[in-house]
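Report on the following structure.
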Amino acid sequence: MRHRLQRPLPTGWLVLWGVLLAAALGCFIALGTWQMQRMHWKHALIARVDAFLRAPAVPAPGPDAWAGLTTERDEYRRVKLQGVLLDREILVQANTRLGAGFWVMAPLRREGGGIVFVNRGFVDAAHRDPAHRGQAAPAGPVRIEGLLRLSQPGGGFLRDNAPAEGRWYSRDVSAMAHALGLTAVAPYFVDQMGADANGAVPPATGDRWPVPGLTVVHFRDEHLSYALTWYALAAMTAAAMLYGARQEWLRRRAAGAAA
């Protein structure tokens, strides 16, 4: 018994499928190329941040440099500053290797003018009250060294900051300054590293609060795997186009021979 030959597809359907597959092929290639570009950008970012972490600390930017700060050029730069910590703070929810708790964000009035928020470190829920931390914040001039971080406006994932209710999910410098009634505040904050404001290094176990130096500097670098996935889909689409074109050519050839 002879197999019944499939009829060739109408030309209109052929054009439609060809356009759709070609569009998909182009999108897959473009997405793969974009991921490769992202990979090169991420590698440059990692190299820059690594260089910042190894470099000696430089003076934190003053008011004349605030407008020119950028994520690409300044984020995670090691900086140092001197001044007096104001007797106010904001607690921002955080998750660290010591568990869930809060970042202690305290404004520091610099000797040269202006205010910079300092992330003094982490406290758990049991030590959110300054009276329960074992030692008071230093009252006199202090020297701080840490990582420059730009403001994080808005809030966390699916959670907006609620200043009126004292709920903070991101370190939004402008909103924190407004909540504390502060002006002339830098558009960045400093993640204090290593020693505390008195120059003492607290234990990593969290026996003294707040615990500085818990900033995690890590960047996901999965762009190559994403790029290979998109390129694999592009290859599969191209193979499907070639296979479909060959099958249609065979059907049309068979139909011509039978006519």
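The values are calculated or read from the model by the stated rules, or taken from the named source; none is laboratory data. Worth saying up front: this structure is predicted, and the values here are computed from it rather than measured. For neighbour counting, all protein chains shown are included, and Cβ atoms are generated from backbone atoms with ideal geometry for every residue, glycine included.
Every test in (1) under 30 Å from ALA238 (Cα atoms); (2) surrounded by 14 or more Cβ atoms within 10 Å (Cβ to Cβ); (3) at pLDDT below 95 is passed by CYS27 save one, and that test is (3).
Tell me yes or no: at least one residue of segment 65-86 is part of a strand (DSSP E or B), of a type in the set (Val, Ile, Thr), in contact with a Lys or Arg (Cβ under 7 Å, 6 or more places away or on another chain) and surrounded by 11 or more Cβ atoms within 10 Å (Cβ to Cβ).
Initial filter on segment 65-86 (part of a strand (DSSP E or B)): 78-85.
If we keep only those that are of a type in the set (Val, Ile, Thr) too, we end up with 79, 84.
Filter once more, keeping what is in contact with a Lys or Arg (Cβ under 7 Å, 6 or more places away or on another chain): 84.
With the extra rule that they be surrounded by 11 or more Cβ atoms within 10 Å (Cβ to Cβ), the set shrinks to 84.
Within segment 65-86, one or more residues are part of a strand (DSSP E or B), of a type in the set (Val, Ile, Thr), in contact with a Lys or Arg (Cβ under 7 Å, 6 or more places away or on another chain) and surrounded by 11 or more Cβ atoms within 10 Å (Cβ to Cβ).
Every condition in (1) within 22 Å of VAL173 (Cβ to Cβ); (2) touching a residue at least 60 places away in the same chain (Cβ under 8 Å); (3) within 21 Å of the chain's Cα centre (by Cα) holds for ARG73 except the one numbered (2).
Can you say whether LEU69 is assigned by TED's automatic domain parsing to the domain that holds ALA184 and not charged (D, E, K, R), as far as the supplied structure shows? Break it down into steps so the answer makes sense when it comes.
Details: assigned by TED's automatic domain parsing to the domain that holds ALA184: no; not charged (D, E, K, R): yes.
In short, no.
Within segment 45-60, none of the residues are in contact with a helix residue (DSSP H, G or I) (Cβ under 9 Å, 6 or more places away or on another chain), at pLDDT 85 or above and either under 28 Å from ALA238 (Cβ atoms) or not charged (D, E, K, R) (or both).
One line per residue, one yes/no per condition, for (1) in a strand (DSSP E or B); (2) without any contact (Cβ under 8 Å) to a residue 60 or more places away in the chain:
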{"site": "THR33", "(1), (2)": "no, no"}
{"site": "MET39", "(1), (2)": "no, no"}
{"site": "LYS42", "(1), (2)": "no, no"}
{"site": "ALA51", "(1), (2)": "no, yes"}
{"site": "VAL92", "(1), (2)": "yes, no"}
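The residues of segment 207-235 that are free of Cβ contacts under 8 Å to residues at least 40 places away in the same chain and of a type in the set (Gly, Ala, Ser), listed by number, are SER225, ALA232, ALA235.
If I ask for residues that are of a type in the set (D, E, K, R) and either farther than 16 Å from ILE90 by Cα or outside any strand (DSSP E or B) (or both), which ones from segment 140-196 would you list?
The answer is ARG143, GLU145, ARG149, ARG159, GLU165, ARG171, ASP172, ASP196.
Which members of segment 141-172 meet the condition of being closer than 21 Å to LEU108 by Cβ and among the hydrophobic types (A, V, I, L, M, F, W, C)? Across segment 141-172, the qualifying residues are VAL142, ILE144, LEU147, LEU148, LEU150, TRP168.
I'd like to know if segment 1-17 contains one or more residues that are modelled with pLDDT of 90 or more and in a helix (DSSP H, G or I). Scanning segment 1-17 turns up no residue that is modelled with pLDDT of 90 or more and in a helix (DSSP H, G or I). Close contacts from segment 6-21, counting a first residue that is surrounded by 15 or more Cβ atoms within 10 Å (Cβ to Cβ) and a second that is among the β-branched types (Val, Ile, Thr) and part of a helix (DSSP H, G or I), with Cβ to Cβ under 8 Å and a gap of 6+ residues or different chains, come to LEU21/THR237.
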